[in-house]
Each structure stands twice: as C-alpha cells, then as structure tokens.
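Trainee: Structure in structure tokens, see below.
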Amino acid sequence: MKSFSKKELCSGAKVVFVPASRFKTNDISINFTLPLRAETASNYAIVPFLISRSCAKYPKASELSNVLAGLYGASVSANVRKIGENQSLTLDLTCLDDRFSLDGESISYKCLELLFELAFRPRVENNAFFTEDVEREKALLIQALYGEENEKRIYAQTQLEKHMFKNEPYGVHRFGTAKQIEAITENDAYNAWSKMLEKAKIQITVVGSADEDKVLSLAKKELSSIKRSYEGLPEAAFVSKASDVNTVVERQKIKQGKLVLGFRVDIKPESELTPAMKSTADIFGGGPYSKLFANVREKMSLCYYCSARYNKAKSIMLVQCGCEEENMDKALYEILNQLEQIKLGNFDNEFNSSKIAISDMINSVSDSPDMLKNWYSVQIVSSEIKSPELSVEENEAVTKEDVIECAKRITLDTVYKLCSEKEAE
Amino acid sequence: MREIKSEILQEKYYEINHKSGLKIYVMPKENYSSSYAVFGTNYGSIDTKFKLEGEKDFTTVPEGIAHFLEHKLFESEELDAFEQYAKTGASANAYTSFDKTCYLFSCSNNFKDNLKILLNFVQNPYFTAETVKKEQGIIGQEIAMYYDVPGWMSMFNLLRALYHNHPVKIDIAGTKESISKITDKLLYSCYNTFYNLSNMALAVVGNVDVNEVVSICDECLKYSEPIKIERAFDEEPKDIVQPYVEYKLDVSMSVFSFGFKEECKTAKRSLRDMIETNILLEIIAGETSPLYNKLLEEGVINESFSKEYFTGNGFEAVLFEGESNNPEKVSECIKEEIKNLRQSGIDASRFETVRRSLYGREIMEYNDIDGVANSMIYCSFNGYELFDSLEIYKEITVSDIEKRLQNMMKEEYSALSVVKA
C-alpha cells in the first residue's frame, strides 16, 4: 500500500490521504498557511480558536461540545504554528472509527461535515464575529501567551528568537503580541477569516480509513463556494552566517538558569544537505548518545538538560540548556568545543547511534495517528511531500563527510541567558 | 499462558505467569511497525517505610530514593544502558511516579536485542559511593528545575495542604537535603526489596510475537524467590492541614490547584470506583458541563483547566487544576456546582452523553502502544483486567453516580493552592 496519496482541489489547496486501518480513529485536519508578518499575526492567530468553539449551526460552545461528546467523544482543537516564516492555522479533529459505533452511524462522515461547518460557516453577522466570542478568545489567547511565559524553558527560547530575529519575520511570535491581540475588533477577525479562506495555502490531511471519495467530493463542494486568489508562500529570510555573537542577559525570580544559543545554518530548506544537517544536530545534541548529553550533562554535570534542535524551514539550530549561572560560561565553552569536535570528525560512535536512532524514530511515526498527521501537515510549506519511508532512505544515505560539511556551516549568532535575580539568593 | 480477547476492541493479549516470578503481558498489534516494552516495579516515591514479611522492624529511607534508584539503574560496570541502546537505536526512558517505577523503550528494529538490554540492566544494579555522589549533582539540578514550574509547585503545595503525614505530599525526586542522605547501601536495600520479580511486571505491545517475548524472558530472567512486602504509612488524619496556600513565582498568570481530600478506607480503589468517579468529574467540570462553559465564557479559566481523580496506596483526592486570574472564584464555583448537583440530581441525558463520550475515548486509547503498555502495568499492580473497563461503562447507571456524589467532595476537606507573582 502507498503511504499517502494527494489530490489537488483548486489552486493552492489539496487533500492528503494517509490510509491506515490499524487505528481506532480517523484523524482529520484542515490547515491554512499564510506568511507570518508582525502586522497580521494576531488577527490570524485568533481565527482557528474562534471557529473551533462554535459555528452558525451550533452558536454556543456548550452546544458544540455536546454534539462532539455524542459522537463518541470526538474532539476538535485549534492550533497555530510557526513553520519557517509562515503562520500555520489548523483545525484538528479526532473521532472514533465507524466500526465502533454502537448504532451503525457513520461517525467519520458526520465529523467531517462538522469540521467544514466550523471552517466555512462560522457564527458571524454583518461581516463581523460576535463581540462576546471575540472578547472571550482574545482573553484566552492572551492567557495562552502568558501561560507560555510561565514555562521558563519556552520563555527563554521565545526571548532568544525575539532578539536574534529582530529584523526578520521569524522573530514574530506565532500569536503576535498581547497588545495586538487586545486591539482585535469583530471586523478584524472576520476579515482575517475571509482572507485566510481566500489567500492561504490549504491542506486537508486525513489519517485513518475514512472514505476518500466522500471526503474529496465534500471538500470540493465546500471550496468551490469560496473566491480564491492564492499567491504562493514566500521563502524565509536566509542568513547564511552570523557576523558577531550577540549576548543578552535577563534576570528573573527563578531557581534555575536557562542558557539558549542560536546558530545560523548555511543550508537552505530545499538543499540536499538537510538530512545530513538533521543528523548533525542529533549527533550534537539529540539523544542520550549525543555529544552534549554525554559531555555537558553526564561527564561534567553542568546541567540537567542540554539539547540541540535543527529548524530546517528557517535554517537555524537552537541549543537549550538548564544550568546555574556560575556554570553557564563553562557550559557555553564546552558546547562550542563539542561542535568543533564534530567539525574535526570525532564522532564515529555518535554517528552510528544517531543513524539508527533517527531511522527508528521516523519508522515509529506510522504507528501514531497524531504523529502521522503532523508529519504530513507541516509539509504544507514544502513543494514536495515526503513519506516517512523516503526520509528513512535519506537518513541512511548520510555520510560522515556530509556531517562534517554541515558542522562547518554552523555559526553562533546569539547567546541568551536567563538568570536568577541576585537578591533572590 | 492465558489469552484475553475483547470483541468490542478487536484486540487480544496474553498474560503469562513466568517461572521466574514475573508477570508478563503481551499484546501483538497487527500492521504496527514499532514495539514498546515497559518493565515496571510496584515501587514509587511514597514507599519510604517498608519491611519484608517476617522482619521485625520497618526500614525508613530518605525521600526521593525510588527516583534516585531509577537514575542509577541505567549505569553498570561496563557499558551503561543508554550506551547499549545507542547501538540498537531504541528510544529509551524511565519514570518514577508516586507508586511505580518503570523502564521502557520503543523501537522499530532490533526488538530482541532491546528487550534483552532492558531485562538485563534492570536486573543488574551497580551502585558505588562515587557514582551516587555524581548523581546527587544531576538530580539536585532536576529538583531545582521543578521549583520554577508553576503547575508542579501548585500541585505539591496543594498536597501539602491536604496531607499531614502521607508521603504523597513530598516531591517525587525528594529534596536536595533528603537526597544527600542517600548511600549506595540504602540503594541496594531498596533494590533488593522492590526489584524482586514477584513485585514487578513486564508489558510488551506492538509488532511483537508472544513466543519470542517468552523465549527472551526464559533466557534473561533470573528466578526470584517470591517475597511479601509490607508498606507502612504514618496515620493520616481525616482533616486537612490548611484551606489555602500561596507560593510566589515570576508568573504572568496565576496557576491553581484545588482539591478535595477523600477518606481512604481501603488501600486501593476498584476499577469501578475509578470509572464512576471519572464520569462524575466529567459531569461536574468536563467540556460539556455548564460549569466549564460558564467559567470559560467569563474568562476565569482557559483550556489548561483539568480535573483528576488522584489516588493510590493510602491516598485519595479529587483535583482541579489550571491557570486563572481568579483562582478563588474557580474554587467557589466548583463548590457551588457540586452543591447544586447534589440537590437537583444528575440529568439522565447528560449522563448518557458523558458516558458515550468516555466510552469512545477509552477505545481510542488503544491506538497508542505506549499508552496500552503502561495501562497494562497499572492494571497489573492494581489487580484490574485491562479490558474490563468497557464492560463497566455499559453497566454503570445514573444512580451509581448520584450515590457517589453524595459521599464525595465535601467542602470542609477542600483546599486551594495558588502560585502567583
């Protein structure tokens, strides 16, 4: 069986089917992706939340949640993600597969209809969402933004991004800012919703055993009713090398410090080197076999965690480290030293371990509907869709020389330190 | 070997009482490419006072030792477990909870080798004074990290407000002070007691063959003379410590944990108790409930809101947690709603909707091999049968839930914990 198939719906819109009868569920998502820009980020960010909570047919949140509960605990959630310099707005639905229904009704088709109700027929009036809905979602979105700040690990990363990308769209938070959220009007939200339908790149991803023809004809019918003017997605601003290292220190009432390093990676998203760069980041700071785990954490006990993550779409790598302030310089020195070791080719053991670990991890994607759905839906920004199987092949083909080449293309751009306030000692 | 089938789920698993003394559960999943194994001991952070049957005195050990032991077990005189897994490509981990410690891996290749690694390292401890000292540094960092996690602090502060003596109130990892008392000798003492195979279970789910699992177990498991462990807890009064507790942290929004302490008449709850209480909590504060929707509409809670029936050996509580700019109001509304429901009774159609929803969610759980394997361990240690819950969902009536509501969540045993700036 093929891992997936895709069908074009109209310009910039497609359905991706991932057939999988082994699951008890059908997982369906509708993903709308637009360029991430400071001036529109908040307006767009509120849309998926607004339309996931009610619609013209079920105007109250409690009505909608009762309908979902009656459909054997089906669930709908809204998500906003940053993929490179794009803002990806998603409605995700999970429902029980039809074969478990107690009275023979088609759960998945009803859920699909419901999902389209939410996306295409929201609760609006005179080109505006309702005041109470907008105000509620604004408050929730601001809370979600603040909630993230409570998690110091996420907060530290966001702060690094803010500083490192202050002149690039990537520095924009996926929700925008609290101030911009506060300013959203009922009309703004409506305009953002209709712009989204008109201009976004759209991908419907279906994981499970839902009837493909039925999904396709319903999707075509819905999309034919909207006016589309899709213009494509822009490429992310590409900075091949950092010039100077910029250091930022912030103090808060916290017990444990956070150290985040932002690196530029001289490899474009469509480059053939990206699988090798994935290996490089993994050898550097992926699993327990990685350089950072084995040395900075285990050998030197400088921190509780120390890991590296490569972001292909933005050509960057971030290192995160939870560590006391007095150890930060030592940790920083050692992190950079480990990167040098990779450039020198000292990573034979880590290379083998990383290679099997990455393949293993990609192979297990197909056993989780959620991971499968995410695997395909983040590829909305790519021109070609890759299956997990193909990615395993690419990983297998990575050579040691490729990794050395990638390591040489990594330069440190920004160091962010979150430290505890002196008087809190 | 016993085969257990579920018609509804179209699944089956095998239960094996292995000659080594270990209970083994295997669920092969068709068309899955990966497998997941978890090897667990019925031993967690609350087991700080214990003895073997026949021994005169109880042994008391420092708080956090179960978690410390978990970290140390990965080491050996030669290659540590992570280094071994690095050669086979499994993704491995471990966790310690209040009442269990589990070692696990998932993989899509080299399953046999991975299972051997798992069984071998868990059965072969290697602790020295020197390695214990090094670990004190790493775990000290881990403990410090949690002091900055508002949800974690909020929950443990609530437990400290509800419980006078029960060790559930202590951080699973212990404190910097308590772990400084841990020695290699104490680790061996805990290990020799709780890592006896008769106190453990193995669950394997996914792309596996039951006979293959058994033959690896035959090869790797060392016979354990069955033992009986007695655990002791200091007497826990019925009343709470204090109704309100506050902790300051640089948070931009307050985080709260609100809970009711329940009287724990028996050490363990039945599966039916668990399911009935979960239905009740869903009716009171689930996504379909008027309470949840009202609080959400008013902006007093957000989607981080959750509820939980929190129970284990010698403790039982109901917890409501989340972020709020007005935690007092949330707790007042919850109390009010419980009072109202007690008076008005539970609407039959609401009960049906909630039951159907939880029934569907229960089936969905079987998608994830890790979830199933961990449930098998949980069921094993609590004496439940994995597939029984679906039948129980069908049997429960609205009057069962109403009866439960009359006897639980009494206002005088509730407390609120808030973490705010």
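Trainee: Against the empirical 2.2 N^0.38 Å scaling, what ratio does the C-alpha Rg of the stretch A:138-273 come to? Don't jump to the answer; show the numbers that get you there.
Mentor: On the way: Rg = 20.3 Å, N = 136, 2.2 N^0.38 = 14.2 Å.
Normalised Rg, Cα atoms only: 1.43.
Trainee: Report the rotationally averaged projected area of the stretch B:267-421 based on its alpha-carbon convex hull, in square nanometres.
Mentor: Values: hull surface 40.9 nm².
Result: a mean projected hull area of 10.2 nm².
Trainee: Cross-link candidates for B:K100: which lysines have Cα within less than 20 Å, leaving aside residues fewer than 8 places away along the same chain?
Mentor: Of all the lysines, those that pass the test against B:K100 - Cα under 20 Å, at least 8 places apart if same chain - are B:K23, B:K49, B:K51, B:K72, B:K169, B:K228, B:K268.
Trainee: For A:E298 and A:S101 in the same chain, what is the full-extension length gain: residue separation times 0.36 nm, less their Cα-Cα distance, in nm?
Mentor: Working: separation 197, 0.36 × 197 = 70.92 nm, distance 5.07 nm.
Additional length available on full extension: 65.8 nm.
Trainee: Please state, as a whole number in µm²/s, the translational diffusion coefficient that the Stokes-Einstein equation yields for the stretch B:2-231 at 10 °C and 1.306 mPa s, with Rh defined as the Kirkwood radius across alpha carbon pairs. Display every interim value, and only then the final one.
Mentor: On the way: Rh = 18.9 Å.
Estimated diffusion coefficient is 84 µm²/s.
Trainee: Treating only the Cβ atoms of Lys and Arg (+1) and Asp and Glu (-1) as charged, compute the dipole magnitude of the protein assembly as shown about its Cα centre; round to the nearest 20 debye. Each step should come with its number before you reach the end.
Mentor: Working: 102 positive and 130 negative charges, 201 e Å.
Approximately 960 debye in magnitude.
Trainee: Using 27 Å as the Cα-Cα cut-off, could you pick out the over-long pairs in A:K110/B:K12; A:K241/A:K299; A:K258/A:K314; A:K57/B:K394?
Mentor: Table pairs above 27 Å Cα-Cα are A:K110/B:K12; A:K241/A:K299; A:K57/B:K394.
Trainee: When the dipole is taken about the Cα centre of the stretch A:1-84, and only Lys, Arg (+1) and Asp, Glu (-1) are charged at their Cβ, what size is it in debye, to the nearest 20?
Mentor: Working: 12 positive and 4 negative charges, 52 e Å.
Computed about the Cα centre, the dipole is about 240 debye.
Trainee: P(r) tail for the protein assembly as shown, what percent of Cα pairs lie past 44 Å? Spell out each step's value before the answer.
Mentor: Values: 101036 of 357435 pairs.
The share of Cα pairs beyond 44 Å in the protein assembly as shown comes to 28 percent.
Trainee: Among the GluC sites (Glu not before Pro) within the stretch B:200-292, which fall in a DSSP loop and have no more than 13 other Cβ atoms within 10 Å of their own Cβ?
Mentor: B:E235, B:E263
Trainee: Relative contact order (percent) for the stretch B:244-420, with alpha-carbon contacts under 8 angstrom and 6 or more residues of separation? Before the final figure, lay out each step's value.
Mentor: On the way: 230 pairs, mean separation 76.5, N = 177.
Computed over the stretch B:244-420, the figure is 43 percent.
Trainee: At 0.36 nm per residue, minus the direct Cα-Cα distance, what do B:K12 and B:T60 gain on full extension? Give it in nm, one decimal, please.
Mentor: Values: separation 48, 0.36 × 48 = 17.28 nm, distance 4.16 nm.
Result: 13.1 nm gained on full extension.
Trainee: Out of the stretch B:221-329, which trypsin sites (Lys or Arg not before Pro) are coil in DSSP terms and have no more than 14 other C-beta atoms within 10 Å?
Mentor: On the way: sites: B:K222, B:K228, B:R231, B:K238, B:K248, B:K261, B:K265, B:K268, B:R269, B:R272, B:K294, B:K307, B:K329; in loops: B:K222, B:K228, B:K238, B:K265, B:K268, B:R269.
Listed in order of number, the matching sites are B:K222, B:K228, B:K238, B:K265.
Trainee: How many angstrom lie between the Cα centre of the stretch B:135-192 and the Cα centre of the stretch A:137-206?
Mentor: 37 Å
Trainee: Where does the Debye-calculated log10 I(q)/I(0) of the stretch A:246-424 sit at q = 0.09 Å⁻¹, using only Cα point scatterers of equal weight, no solvent?
Mentor: Debye output, listed in q order: -0.34.
Trainee: What ³J(HN,Hα) values, in whole Hz, does the Karplus curve 6.51 cos²θ - 1.76 cosθ + 1.60 give for the stretch A:286-296 when θ = phi - 60°, with x put for Gly and Pro?
Mentor: x, x, x, 7, 6, 4, 5, 5, 5, 9, 5
Trainee: Compute the Kirkwood hydrodynamic radius of chain B, taking the inverse of the mean of 1/r over all pairs of distinct Cα atoms, and give it in Å to one decimal.
Mentor: Numbers: mean 1/r = 0.0433 Å⁻¹.
Mean inverse Cα-Cα distance, inverted, gives 23.1 Å.
Trainee: Still on this structure, I have one more. How high is the relative contact order of chain B, in percent, counting Cα pairs under 8 Å that sit 6 or more residues apart? Display every interim value, and only then the final one.
Mentor: Details: 766 pairs, mean separation 92.5, N = 421.
For chain B, the relative contact order is 22 percent.
Trainee: Further question: Can you give the calculated 222 nm mean residue ellipticity of the protein assembly as shown, where each DSSP H run of n ≥ 4 adds -39,500 (n - 2.57) and the sum is split over every residue, rounded to the nearest 500 deg cm²/dmol? Could the numbers behind the result be given before it?
Mentor: Working: 29 runs with 354 residues, N = 846.
It lands at -13000 deg cm²/dmol.
Trainee: Now, a different point. Once you place label points 7 Å from the Cα toward the Cβ at A:A56 and B:Y247, how far apart are they in nm?
Mentor: 4.9 nm
Trainee: What percentages, rounded to whole numbers, describe P(r) for the stretch A:5-224 computed over all alpha carbon pairs with 5 Å bin width beginning at zero?
Mentor: 1, 7, 14, 18, 18, 16, 13, 9, 4, 1, 0, 0
Trainee: Note down the magnitude of the dipole of chain A about its Cα centre, charges +1 on Lys and Arg C-beta and -1 on Asp and Glu C-beta and zero elsewhere, to the nearest 20 debye.
Mentor: Values: 56 positive and 62 negative charges, 88 e Å.
Dipole size: approximately 420 debye.
Trainee: List the chymotrypsin sites (Phe, Trp or Tyr not before Pro) within the stretch B:221-263 that DSSP assigns to loop and that have no more than 13 neighbouring Cβ atoms inside 10 Å.
Mentor: Numbers: sites: B:Y223, B:F233, B:Y244, B:Y247, B:F256, B:F258, B:F260; in loops: B:Y223, B:F233.
Answer in residue order: B:Y223.
Trainee: What does the convex hull of the Cα atoms of chain A come to per residue, in Å³, rounded to a whole number? Each step should come with its number before you reach the end.
Mentor: Working: hull volume 65.2 nm³, N = 425.
Taking the convex hull of the Cα positions in chain A, it is 153 Å³ per residue.
Trainee: Shifting gears a bit: Lys and Arg at +1, Asp and Glu at -1: add these up for the other residues within a Cβ distance under 12 Å of A:E405 and post the number. List each step's numbers first, then the result.
Mentor: Working: positive: A:K343, A:K400, A:K408, A:R409; negative: A:D266, A:E272, A:E401, A:D402.
Every neighbour counted, the sum reads 0.
Trainee: Compute the length gained on full extension between B:S198 and B:T131: take 0.36 nm times their separation in residues and subtract their Cα-Cα distance, giving the result in nm to one decimal.
Mentor: Taking 0.36 nm per residue and subtracting the Cα distance, the gain is 21.3 nm.
Trainee: What FRET efficiency comes out for the pair A:E389/B:N211, r = Cβ-Cβ distance, R0 = 30 Å, nearest 0.05? Let's see the in-between values first.
Mentor: Working: r = 29 Å, r/R0 = 0.96.
So, using R0 = 30 Å, E works out to roughly 0.55.
Laboratory data are not the source of any read-out in this text; all were calculated from the coordinates shown. These numbers come from a predicted model, not from an experiment. For neighbour counting, all protein chains shown are included, and Cβ atoms are generated from backbone atoms with ideal geometry for every residue, glycine included.
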